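I have placed the structure first, in the form of structure tokens, so that the comments after it can refer back to it.
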Amino acid sequence: METLLEDFISDEDLKTCEKLYNDELRRGIRNPKTKFDYAWCLIRSRYPADTRKGVLFMEDLFKNGDESARRDYVYYLAFGKCKLKEYSSANRYIKAFLEIEPSNRQAKELQEVIQKRITREGLAGAAIAGGIVAVVVGTAFALLKK
Amino acid sequence: MRTISRTDRSRDAVRCTTMTESGPYNYSYIFKYIIIGDMGVGKSCLLHQFTEKKFMSDCPHTIGVEFGTRIIEVAGQKIKLQIWDTAGQERFRAVTRSYYRGAAGALMVYDVTRRSTYNHLSSWLTDARNLTNPNTVIFLIGNKSDLEAQREVPYEEAKQFADENGLMFLECSAKTGDRVEDAFLETARKIYQNIQDGNLDLNAAESGVQHKPQTQNTLLGNIQDKKESCNC
Ligand SMILES: Nc1nc2c(ncn2[C@@H]2O[C@H](COP(=O)(O)OP(=O)(O)OP(=O)(O)O)[C@@H](O)[C@H]2O)c(=O)[nH]1
Ligand SMILES: [Mg+2]
């Protein structure tokens with residue numbers, strides 16, 4: 001899991017994804033699939049600004065995207081937040097995920113990393129998370145359950 | 001390749017992966033593998049069986065990509081395998097493609113009890129050929145060989161497909177563990193052979209192979225030898 005968190009996408013692959021997304025956007029196509037690909041690429045970027053943008057995209061997808069892919073969105077929200085060192089919101093997302101799939105190994109590994117880092121860093125970053133996350137996670141519980 | 005050297009520096013990188021590892025510097029090569037194939041064919045189970053020697057009977061679909069490592073020995077050389085297990089679900093296809101680059105080995109898996117997973121092999125093979133380098137060793141694996149009664153793809157048919165396309169091939173079972181080691185090890189032997197024959201440029205980032213000078217830590221080496229021998 002630590003390896004995945006430190007695995008960065010190449011600039012070339014990121015550009016390809018970005019281009020696909022922007023081309024569709026220009027032609028007025030809104031395809032959640034393309035947006036997800038782009039969001040995932042952004043989250044995997046070495047630059048936190050990209051990751052942040054990717055997380056915003058995932059949040060939007062969570063609300064307006066493909067319903068059957070919701071678990072993926074929530075997982076990557078946790079993953080992205082973890083990369084951004086926003087551990088307490090990362091923790092809330094991964095908890096929401098594990099409510100639905102308690103035995104998911106990937107999610108459990110991610111949660112382990114998040115919790116270890118929370119302990120390591122103390123609760124310093126915890127307050128930053130803010131209100132939006134609480135709302136999104138609240139909806140996450142509600143939506144994933146149906 | 002930049003990624004790989006980075007992870008080696010991370011002291012946690014090895015922790016969650018395999019029991020047989022005792023230290024990140026105790027090997028002389030790193031080989032990158034990818035595992036590809038339709039969803040549900042057993043890719044994650046194969047990886048888990050290889051790194052943990054356990055079978056997961058109730059395994060959720062992989063989200064995006066998973067990762068595992070294990071150190072093996074080929075011709076007296078310790079080799080660290082870094083294995084990227086990709087999600088087979090169609091919706092991840094675009095992004096998992098970005099993991100193919102720089103793979104030294106590609107394990108291409110189908111399920112012997114589901115013909116559709118075999119029929120899709122040509123499309124997986126096209127991806128593997130287009131996105132890796134010409135020296136990448138592609139190993140075809142027919143998984144779930146324990147389910148003989150439900151078999152839909154005869155061994156001979158797949159063997160012929162493999163021969164026609166120049167692939168290595170075997171059938172195995174992630175459930176019983178039968179021949180799982182062979183698939184990973186034979187791939188490594190073939191890659192190692194390519195290195196010995198001078199077919200692989202170790203300096204090229206795309207080769208999927210990294211050479212590491214052996215470090216002084218013989219103590220770890222000894223512990224590891226013991227651990228590995230009791231696992232056999
Ligand atoms: N009988 C039997 N079942 C197996 C074997 N390997 C895997 N399975 C089962 O097949 C199902 C799918 O296995 P996974 O390893 O999750 O498949 P996957 O290829 O990783 O699937 P994706 O992650 O969606 O791409 C699981 O329920 C496993 O328990 C095997 O060798 N024999
Ligand atoms: Mg899987």
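Bear in mind that the values in this text are calculations on the coordinates, not laboratory data. Everything quoted here is computed from the prediction, not taken from an experiment. With ideal geometry, Cβ positions are generated from the backbone for all residues, glycine too; neighbour counts draw on all protein chains shown.
As a proxy for reagent exposure, B:Val209, B:Val41 were ordered by neighbouring Cβ count within 10 angstrom, fewest first; the result is B:Val209, B:Val41. Cross-link check: pairs B:Lys32/B:Lys159; A:Lys35/B:Lys78; A:Lys81/B:Lys212 evaluated at a Cα-Cα cut-off of 32 Å; pairs beyond the cut-off: A:Lys35/B:Lys78; A:Lys81/B:Lys212. Once the C-beta distance of B:Ser28 and A:Arg27 is scaled by a Förster radius of 56 Å, the resulting FRET efficiency is 0.60 to the nearest 0.05. Across peptide B:59-67, the mean count of Cβ atoms from other chains lying within 10 Å of each residue's own Cβ comes to 6. The residues neighbouring B:Lys190, those whose beta-carbon lies less than 13 Å from its own, together hold a net charge of -2 under the Lys/Arg +1, Asp/Glu -1 convention. Between B:Ser122 and B:Glu73, the FRET efficiency from the beta-carbon distance, with R0 = 35 Å, is close to 0.50. Peptide A:2-11 has a mean of 6 when you count, residue by residue, the C-beta atoms of other protein chains within 10 Å of its C-beta. Within a straight-line Cα-Cα reach of under 18 Å, B:Lys54 can be paired with the following lysines, leaving aside sequence neighbours fewer than 8 residues apart in one chain: A:Lys108, B:Lys43, B:Lys144, B:Lys175, B:Lys227. For the range A:56-73, the residues whose backbone nitrogen is under 15 Å from a point 7 Å from the Cα of A:Glu101, taken along Cα to Cβ, are A:67-73.
If we count every other residue with Cβ under 9 angstrom of B:Ser173's Cβ, Lys/Arg +1 and Asp/Glu -1, where does the sum land? Combined, the nearby Lys, Arg, Asp and Glu give 0. If you average the C-alpha positions of the range B:71-107 and of the range A:40-85 separately, how far apart do those two centres end up, in angstrom? After rounding, the separation between the Cα centres reads 24 Å. Each Lys or Arg adds one and each Asp or Glu takes one away; over the other residues whose Cβ falls under 12 Å from the Cβ of B:Phe50, this sums to +1.
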